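*Asks:* Sharing a structure here in C-alpha cells format.
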Amino acid sequence: MKKLLYCIMALIPAYLIIQGCNKLGNVISPAGQISATRAELKVGEIDTVLAVNAKATDNISWYVTPVGFNTISTRDNAATLVFSKAGNYTVKASINGSPTDAISIKVNEAATPPANTLMSLTGDQINLVPTYYKSAHADTTYIYFTATTTKTYCASSRLNLTNSIDASGTYLLNFTNVLVYAGCSGTSSTIHNWAYFKQTPILLANGTYPLSVTLDGTTYTGTIAVTTTNVTFNWTYTSGVLIAPKVLTR
C-alpha cells in the first residue's frame, strides 16, 4: 500500500506539468520541455512558446529555423514569435546550456485584405461653393471651392480631384473618381472635398480668368472676373457642375 502511495505521489508533479502545458495549447514537445499556444497560424499573427520545465531565473536561449523570417520577444521562461513568411518552422530552446526537443510550427500566408475600390462619377453632379479667402494677418488672398456630390456613397469615401492654375492663369479642376475604402460600411451620404487655388503672386490681381472643370469626361468652361470689390463666376450650366453663389464680396 505504501509503495502504491509513493508511486501516485511521484506521478503528481508530472501530471501537473502536462496539465499546465495543455492549458497553454495543443503543441507539446515529445519530452514535454517546450510548448506553443498554436501549432498553426498566419503570417503576422502572434504565437507564444514556453519552456515548461524552466524557471524564470534560468538562462534560456531560443532558436528558430529557418532563420531570418521571425521576430522574437522573451520574458522569463516564455517567448512570443511573429513570422513574416509562410513556411514550416522548428523551434527549440537551450536551458542552462542543455538543449530541449524541438516543436514544429506551420505558418500560412496571411489572408488577403479587402482592397480599396475606385468608383466612377458617371451620372453624378457636383455642386461647387466658392469662397474668397483673405488672411487677417498678411496679404494672402485666394479662391477655393467646396465640392459636394449629388449621388451618395459610403460615408467614409473620398472624392478625388486635381486642381491647378496654369501659366496662362486658367483655373483647372478635374474630378477623377471616388475612392471607397476597403470594408467601408454604414450609412450612405453625399461626399465632399476642397480645391484650393493659391495664386502666385499671393495677391489675387484684378482681371478675368478662364475656369475649366472636368467631370466624368465632360469639360465645363466659364470665367472668374475679379475686381477690387467682387469676384464673379460667369457660369451658365444648370446640370453637371453647378456653382453657387456666383458673386463673392472681397
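*Asks:* Quote to one decimal, in nm, the extra length available between T48 and K106 on full extension: 0.36 nm per residue of separation minus the C-alpha distance between them.
*Replies:* Here the answer is 19.5 nm.
*Asks:* What percentage of the solvent-accessible surface of region 143-250, computed with a 1.4 Å probe over protein heavy atoms, is contributed by carbon and sulfur atoms?
*Replies:* 55 percent
*Asks:* Quick one: with all protein chains in place, what share of the accessible area of region 34-133 is carbon or sulfur, to the nearest percent (1.4 Å probe)?
*Replies:* Answer for region 34-133 is 52 percent, counting heavy atoms of protein chains only.
*Asks:* Restricting things to alpha carbons, tell me how big region 117-249 is in terms of Rg and Dmax, in Å.
*Replies:* 15.7, 49
*Asks:* Report the paramagnetic label zone for K246: residues of region 197-230 whose backbone N is under 14 Å from a point 7 Å from Cα along the Cα-to-Cβ axis.
*Replies:* So the set is 221-225.
*Asks:* Take the chain, connect every pair of alpha-carbon atoms lying under 10 Å apart with a spring to form a Gaussian network, then pick out the residue of P130, P99, P210 with the largest mean-square fluctuation.
*Replies:* Checking each option, the largest mean-square fluctuation is seen for P99.
*Asks:* Continuing with this model, one more query. When the Kirkwood radius is taken over all Cα pairs of region 31-112, what Stokes-Einstein diffusion coefficient follows at 4 °C and 1.567 mPa s, in µm²/s?
*Replies:* It diffuses with D of about 102 µm²/s by this estimate.
*Asks:* Leaving out ligands and nucleic acids, and using a 1.4 Å probe, what accessible area per residue does the chain come to in Å²?
*Replies:* 57 Å²
*Asks:* Non-local amide H neighbours of Q125 (under 5 Å, H modeled in plane, Pro and chain starts lacking H): which ones?
*Replies:* Those lying under 5 Å, H to H, from Q125 are T150, K151.
*Asks:* Also, quick follow-up: In nanometres, what is the gap between the two model label sites at Y133 and W194, each 7 Å from Cα along Cα-to-Cβ?
*Replies:* For Y133 paired with W194, the spin-label model returns 0.5 nm.
*Asks:* Let's see if you can work this out: charge +1 on each Lys and Arg Cβ, -1 on each Asp and Glu Cβ, no other charges. What is the dipole magnitude of region 117-249 about its Cα centre, in debye to the nearest 20?
*Replies:* Charge dipole, region 117-249, about its Cα centre: 160 debye, nearest 20.
*Asks:* Could you list which residues have their amide H under 5 Å from that of A102, counting only those 5 or more apart in sequence or on another chain, with H placed in the peptide plane?
*Replies:* none
*Asks:* Looking at the square roots a ≥ b ≥ c of the eigenvalues of the Cα gyration tensor of region 70-146, which shape do they give, rounded for a/c under 1.5, prolate if a/b is larger than b/c, or oblate?
*Replies:* Taking the square roots of the gyration eigenvalues as a ≥ b ≥ c, region 70-146 is oblate.
*Asks:* So who's got an amide H within less than 5 Å of the one on E40, skipping anything under 5 residues away but keeping other chains? H placed 1.01 Å off N, in plane.
*Replies:* Result for E40 returns K106.
*Asks:* Treating the beta-carbon of each Lys and Arg as +1 and of each Asp and Glu as -1, no other charges, what is the dipole magnitude of the chain about its Cα centre, to the nearest 20 debye?
*Replies:* For this selection, approximately 580 debye.
*Asks:* Chymotrypsin sites (Phe, Trp or Tyr not before Pro), restricted to region 129-218: which are DSSP loop and have at most 16 other Cβ atoms within 10 Å?
*Replies:* Y181
*Asks:* Please compute the modelled spin-label separation between M119 and T219, points set 7 Å along Cα→Cβ, answer in nm with one decimal.
*Replies:* Using points 7 Å along Cα→Cβ, the separation is 2.8 nm.
*Asks:* Calculate one ³J(HN,Hα) per residue across region 48-53 by plugging θ = phi - 60° into the Karplus curve 6.51 cos²θ - 1.76 cosθ + 1.60, and present them in order as whole Hz with x for glycine and proline.
*Replies:* 10, 10, 9, 8, 5, 9
*Asks:* Enumerate the calculated ³J(HN,Hα) couplings along region 123-128 in order (Karplus 6.51 cos²θ - 1.76 cosθ + 1.60, θ = phi - 60°), each rounded to whole Hz, writing x wherever the residue is Gly or Pro.
*Replies:* x, 8, 10, 10, 9, 9
*Asks:* With no solvent and one equal point scatterer per Cα, compute the Debye intensity ratio I(q)/I(0) for the chain at 0.08, 0.12, 0.15, 0.16 Å⁻¹ and report its log10, rounded to two decimals.
*Replies:* Per q value, in the given order, log10 I(q)/I(0) is -0.60, -0.76, -1.00, -1.09.
*Asks:* For the chain, how many pairs of lysine residues have a Cα-Cα distance under 15 Å, where the two are 8 or more positions apart or belong to different chains?
*Replies:* 5
*Asks:* Which residue, A36, A56, A115, tops the fluctuation ranking in a GNM of the chain built on C-alpha contacts under 10 Å?
*Replies:* Top of the fluctuation ranking is A56.
*Asks:* Applying the Karplus parametrisation 6.51 cos²θ - 1.76 cosθ + 1.60 with θ = phi - 60° to the phi angles of region 225-230, what ³J(HN,Hα) value in whole Hz is obtained for each residue in order, glycine and proline being reported as x?
*Replies:* Going residue by residue, I get 9, 10, 10, 5, 10, 9 Hz, with x marking Gly and Pro.
*Asks:* Could I ask something else about it? What figure in square angstrom, to the nearest 10, would you give for the accessible area of R38 with a 1.4 Å probe?
*Replies:* Only protein atoms counted, so the area is about 80 Å².
The values are calculated or read from the model by the stated rules, or taken from the named source; none is laboratory data. In this text the structure is predicted, and so the values were computed from the model without any measurement. Note: ideal-geometry Cβ built from the backbone for every residue, glycine included; neighbour counts use all protein chains shown. Note: areas computed on protein heavy atoms with side chains; ligands, DNA, RNA excluded. Shrake-Rupley method; radii C 1.70, N 1.55, O 1.52, S 1.80 Å.
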